[in-house]
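The values are calculated or read from the model by the stated rules, or taken from the named source; none is laboratory data. Everything numeric here is computed off the predicted structure, so don't read it as measured data. Methodologically, a virtual Cβ is constructed for each residue, glycine included, from the backbone with ideal geometry; neighbour enumeration extends over all protein chains shown.
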Amino acid sequence: MKDIQMRTFETVGEFVTTAANMVKGPTFVTTFLKMDAKFREKVILCVSITNNCGVCTKVHTLVGLRAGLTEEDIQKLITLYKKDYSLNEWLALRWARDWAVLRGQAPSGNNARAFGKDFTPREQAFILKICRMMKMANYTSNYLFAVPYLEEKTSQSRKGLLGLLSGPVEEALTQAVLAARCRAARATGAAADACAGILGIDRCVA
């Protein structure tokens, strides 16, 4: 992972565009209700690992484990070998990683076209929503705290007050976000199961 830099906003315009794009498409509530928890966390981790965001990866590793992922599942997201996934799931995760590599631009090529065929436009919108959310979270966290994923040191480390506070702030933020996300996950999971059972709603599962 040493060749992957912690990504941050390169311009004010990129920040504004990312914030504006994040609210487009389905709502966050609908997205979380309609996406399988384990699949959603894989997408989140795939993007966060690509953006080298230590804070988000740490938090969502814990959320993913509580959602049913294993340590092995999470480690496989680093290499993302095709043989480790069903084709459907691999295409979605590969698309999310390529989207992150391209800093939020739509991937092209055979894999991207296959992804477009295997997932409905609404399912694609849910996955894109998660990707956009994580770009905003990853880039902001990297700028403020400079906590890399799987690296002890980074040439991008911030100096001054934020640099000194990054450790304690990261831990406090991790615990606060984890607690909030776990409560939300339990609530949305229960609601999604209830809706699916009553209305026969299909959930986005790779």
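Each row is one residue, and each column tells you yes or no for (1) within 14 Å of the chain's Cα centre (by Cα); (2) within 20 Å of Met136 (Cβ to Cβ).
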position	(1), (2)
Phe28	yes, yes
Thr31	yes, yes
Val59	yes, yes
Leu91	no, no
Ala100	yes, yes
Ala106	no, yes
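Tell me, which residue of the range 1-48 that is part of a helix (DSSP H, G or I) and touching a Leu at 6+ places or on another chain (Cβ under 8 Å) is surrounded by the fewest Cβ atoms within 10 Å (Cβ to Cβ)?
Narrowing the range 1-48 to residues part of a helix (DSSP H, G or I): 12-22, 28-34, 37-48.
Now narrow it down to the ones that are touching a Leu at 6+ places or on another chain (Cβ under 8 Å): 38, 41-43, 45-46.
Details: Lys38: 16, Glu41: 27, Lys42: 27, Val43: 28, Leu45: 26, Cys46: 25.
So the residue we want is Lys38.
Where the second residue is of a type in the set (D, E, K, R) and surrounded by fewer than 22 Cβ atoms within 10 Å (Cβ to Cβ) and the first is closer than 17 Å to Leu93 by Cβ and lies in the range 119-140, which pairs have Cβ atoms under 8 Å and are six or more apart or on separate chains?
Pairs that qualify, where the first residue is closer than 17 Å to Leu93 by Cβ and the partner is of a type in the set (D, E, K, R) and surrounded by fewer than 22 Cβ atoms within 10 Å (Cβ to Cβ), are Arg132/Lys24; Lys135/Arg103; Asn138/Arg7.
Which one is surrounded by the most Cβ atoms within 10 Å (Cβ to Cβ), of the residues in the range 96-115 that are closer than 14 Å to Asn21 by Cβ and in contact (Cβ under 8 Å) with a residue 40 or more places away in the chain?
Result: Trp99.
Applying the selection to the range 53-94, what residues are assigned to a helix (DSSP H, G or I) and among the aromatic types (Phe, Trp, Tyr)?
The one that is assigned to a helix (DSSP H, G or I) and among the aromatic types (Phe, Trp, Tyr): Trp90.
Of all residues in the range 50-73 being among the aliphatic types (A, V, I, L, M) and at pLDDT below 95, which is surrounded by the fewest Cβ atoms within 10 Å (Cβ to Cβ)?
Of everything passing the filter in the range 50-73, Leu65 is surrounded by the fewest Cβ atoms within 10 Å (Cβ to Cβ).
Would you point out which residue out of Glu89, Glu71 is of a type in the set (D, E, K, R) and under 17 Å from Leu150 (Cα atoms)?
Of the residues listed, the single one that is of a type in the set (D, E, K, R) and under 17 Å from Leu150 (Cα atoms) is Glu71.
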